[in-house]
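Following: one structure in structure tokens, then a few remarks.
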Amino acid sequence: MKIIGFVYTTERVEMVLKGDSCLLNGGKPLFLPDWTSELGVTECMILRVSRLGKEIDERFANRYYDAVAPGADFVALDILREAQANGQPWTTALAFDYSLAIGKWINVQRDNVQGTKDKGQRTKEEFVMTPEEAVAAASKVMTIRQGDLIYIHKKHTPRVVHKEDIIRTEANGEEKLYCKIK
């Protein structure tokens with residue numbers, strides 16, 4: 001399984017990869033790593049890939065994911081700034097164990113084509129790209145497979161988290177993501 005992310009930097013959207021040890025599921029708490037002094041979080045949307053694909057055209061990309069979930073992407077901001085300043089890889093700052101919290105999956109229904117298009121336009125205003133753009137962009141670089149995850153950041157800078165903070169997302173009055181920082 002691959003975890004492919006589209007994150008917002010101060011200049012542009014970057015594609016990053018994470019390993020499966022980065023997943024934090026089931027409402028488990030995130031323990032602050034002792035090797036960073038500034039942990040940030042950015043809300044994101046996570047797509048679950050449902051079929052094999054390579055070089056997918058954006059207009060067909062909605063056929064390649066079957067569920068979405070809210071997510072919280074954690075980043076060691078102090079380590080990231082240092083890596084960027086020195087031209088080093090960002091892996092340590094972005095792809096550490098339990099750095100991506102996943103909420104409850106919501107199955108995607110494609111009954112209404114017009115509704116899907118309208119949703120995509122609203123999504124583009126809030127996130128760095130639409131789900132279709134993300135699937136197409138990821139599949140241009142590598143083959144995506146059933147079970148892979150693609151996450152897309154919201155358009156804002158990460159906020160710093162502290163012990164006892166709670167990351168929570170609700171939809172239609174139901175809690176979809178809960179993560180306590182310890």
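For beta carbons closer than 6 Å, sequence separation of 6+ or different chains, a first residue in segment 159-182 that is in a strand (DSSP E or B) and a second that is open to solvent by 90 Å² or more (accessible area, probe 1.4 Å), the qualifying pairs are Lys176/Lys104; Tyr178/Arg168; Ile181/Lys163.
Look at segment 81-99: where a residue is at negative phi and a partner is surrounded by fewer than 17 Cβ atoms within 10 Å (Cβ to Cβ) and basic (Lys, Arg), sitting 6+ places away or on another chain with Cβ atoms under 9 Å, you get Ala93/Arg81. Per the listing Leu32, Leu17, the residue uniquely assigned to a strand (DSSP E or B), open to solvent by 10 Å² or more (accessible area, probe 1.4 Å) and either in contact (Cβ under 8 Å) with a residue 12 or more places away in the chain or of a type in the set (Lys, Arg) (or both) is Leu17. Taken over segment 2-14, residues that are of a type outside the set (Ser, Thr, Tyr) and loosely packed, with under 14 Cβ neighbours inside 10 Å amount to 2.
Candidates are the residues of segment 96-114 that are modelled with pLDDT of 95 or more and outside any loop (DSSP other than H, G, I, E, B); the one that is surrounded by the fewest Cβ atoms within 10 Å (Cβ to Cβ) is Ile102. The set of residues in segment 51-95 being among the β-branched types (Val, Ile, Thr) and assigned to a strand (DSSP E or B) consists of Val68, Val75.
The values are calculated or read from the model by the stated rules, or taken from the named source; none is laboratory data. Since this is a predicted model, take the numbers as computed values, not measurements. Positions of Cβ are generated from backbone atoms using ideal geometry, with glycine treated the same way; all protein chains shown enter the neighbour counts. For the accessible areas, the whole protein counts, side chains as well, though only heavy atoms, and no ligand, DNA or RNA atoms are used. Shrake-Rupley method; radii C 1.70, N 1.55, O 1.52, S 1.80 Å.
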